[in-house]
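**Q** Just dropping this structure here.
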Amino acid sequence: MREKELELAGGSLYYEIKNGKAEITRFQGLASEVCVPDMLDGCPVTTILKKAFLSKKNLRRVILPDTLEEAGDWSFAYCDNLTEVCIPGKEIRFGKAVFLECKELKRISMREDGSNPDYQPELLAAAVKDFEAYYLLDIPAVGSKEWLDKWDSRLAAVLHAPDHEGYSRQVLCGEEDYGSTDLKAYTNGKRKKKVRLVLLRLLFSYGLTDSFKEELEQYLLNHTKGCDSEETWQVVWKEYGNDRAYYSLFAELGCVNSRNLDGILADVGEDLPEMKAYFLRYCEDSSEGRNFFDDLEL
């Protein structure tokens with residue numbers, strides 16, 4: 001079968017026509033965004049073949065066609081800067097490890113004309129990026145109670161796993177494959193991953209049970225500034241210091257208290273003026289003429 005080429009801004013899509021359907025075989029180029037067309041040579045584009053977009057380092061956003069039926073094994077794997085994939089709101093057959101090592105993936109979104117109001121693209125992206133739970137790539141079910149229960153069950157498993165789990169494998173493989181073999185650094189990294197997922201779920205809390213919500217909030221409180229380990233604060237400060245949604249959640253959960261406020265402000269310094277101003281204003285607004293921290297110290 002002869003491969004054909006479709007030139008796009010910043011690259012080319014290559015495809016084949018089989019039995020009246022178009023299959024994307026590969027993409028070549030430096031484009032940051034690729035929109036895969038619905039039709040090629042009068043045929044619907046139904047398949048993204050195995051490894052078609054493998055290791056496209058410049059790719060940041062992909063828009064997949066409404067006609068898509070299947071995305072093959074590793075079709076978008078190792079796209080280091082891929083942040084969003086826009087998909088049709090219907091069932092799609094996904095192969096193995098479609099988004100393997102897409103560490104910047106933030107959203108797997110549906111087009112507005114097919115989306116349901118409870119669809120949560122951030123949670124779907126985390127399901128494959130952080131959980132590697134490809135069974136959650138069940139597009140028609142995303143946002144349903146059953147789907148959210150499965151997502152939360154996976155989060156609970158991650159949260160309850162020992163922080164040192166997997167460390168022995170890292171030591172055996174060595175620093176070249178897994179980075180530092182220092183146990184403290186390893187467990188710190190595991191807790192940071194847990195914090196990121198907990199923050200995400202609390203920000204997109206639709207369908208979250210009261211008991212699990214309380215558990216997630218307590219996890220963040222147990223790792224705030226001034227605790228034996230401070231991963232909640234480290235993640236909010238270093239990674240989300242310019243995102244008000246995150247640092248306001250941090251404050252509203254009570255992660256700022258009389259014992260750590262000075263340390264938090266010292267860490268922030270003058271690098272994040274909006275965050276610093278928010279914490280100061282939040283404390284002032286909450287005090288209502290009395291010592292803001294009285295209740296926190298009970």
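**Q** Ranked from highest to lowest mean number of other Cβ atoms within 10 Å per residue, what is the order of the peptides 125-138, 262-275?
**A** Taking the mean over residues of other Cβ atoms within 10 Å, the ranking is 125-138, 262-275.
**Q** Among 15-25, 210-220, 157-167, how do they line up by average Cβ neighbours within 10 Å per residue, starting with the highest? Show your work: numbers first, answer last.
**A** Numbers: 15-25: 17.7, 210-220: 15.2, 157-167: 13.1.
Descending packing order for the listed peptides: 15-25, 210-220, 157-167.
**Q** Can I ask one more? Let's test the formula: R0 of 41 Å, r as the Cβ-Cβ distance of GLU7 and PHE204. What FRET efficiency results, to the nearest 0.05?
**A** 0.60
**Q** Here is a follow-up. Please give the residues of the range 57-99, grouped as numeric ranges, whose backbone N is less than 12 Å from a label point set 7 Å along the Cα-to-Cβ vector of LYS193.
**A** No residues fall inside that zone.
**Q** Let me ask another. Name the shape class, rounded, prolate or oblate, that the alpha-carbon gyration tensor gives for the range 2-126, where a ≥ b ≥ c are the square roots of its eigenvalues, rounded holds for a/c under 1.5, and otherwise prolate holds if a/b is larger than b/c and oblate otherwise.
**A** In terms of gyration-tensor shape, oblate.
**Q** Taking a threshold of 32 Å on the Cα-Cα distance, which of the pairs LYS56/LYS90; LYS18/LYS106; LYS56/LYS194; LYS150/LYS238 fall above it?
**A** LYS18/LYS106
**Q** A further question follows. TYR135 versus GLU165, label points 7 Å from Cα toward the beta carbon: distance in nm?
**A** 1.5
**Q** Do any of LYS4/LYS51; LYS184/LYS213; LYS96/LYS193 go past 19 Å between their Cα atoms, and which?
**A** Violating the 19 Å limit, Cα to Cα: LYS184/LYS213; LYS96/LYS193.
**Q** Quick one: which residues, 5+ away or cross-chain, put their amide H under 5 Å from the amide H of ILE63? H built at 1.01 Å from N.
**A** Hits under the 5 Å cutoff: VAL34, CYS35, VAL36, CYS86.
**Q** Suppose R0 equals 30 Å. What FRET efficiency, 1/(1 + (r/R0)^6) with r the Cβ-Cβ distance, do LYS213 and ALA277 give to the nearest 0.05?
**A** Using R0 = 30 Å, I get an efficiency of 0.60.
**Q** Could you tell me which helices of the chain pass both thresholds, a Cα extent of 18 Å or more along their own axis and a mean Kyte-Doolittle hydropathy of at least -0.5, with helices taken as whole DSSP H runs?
**A** Working: long enough: 145-160 (22 Å, -0.59); 183-203 (30 Å, -0.28); 273-287 (21 Å, -0.79).
Passing helices, by number: 183-203.
**Q** Ok, one more. How high is the relative contact order of the chain, in percent, with contacts defined as C-alpha pairs under 8 Å that are six or more residues apart?
**A** 8
Coordinate-derived values only; no laboratory data. Everything quoted here is computed from the prediction, not taken from an experiment. Neighbour counts run over all protein chains shown; Cβ positions are idealised from the backbone, glycine included.
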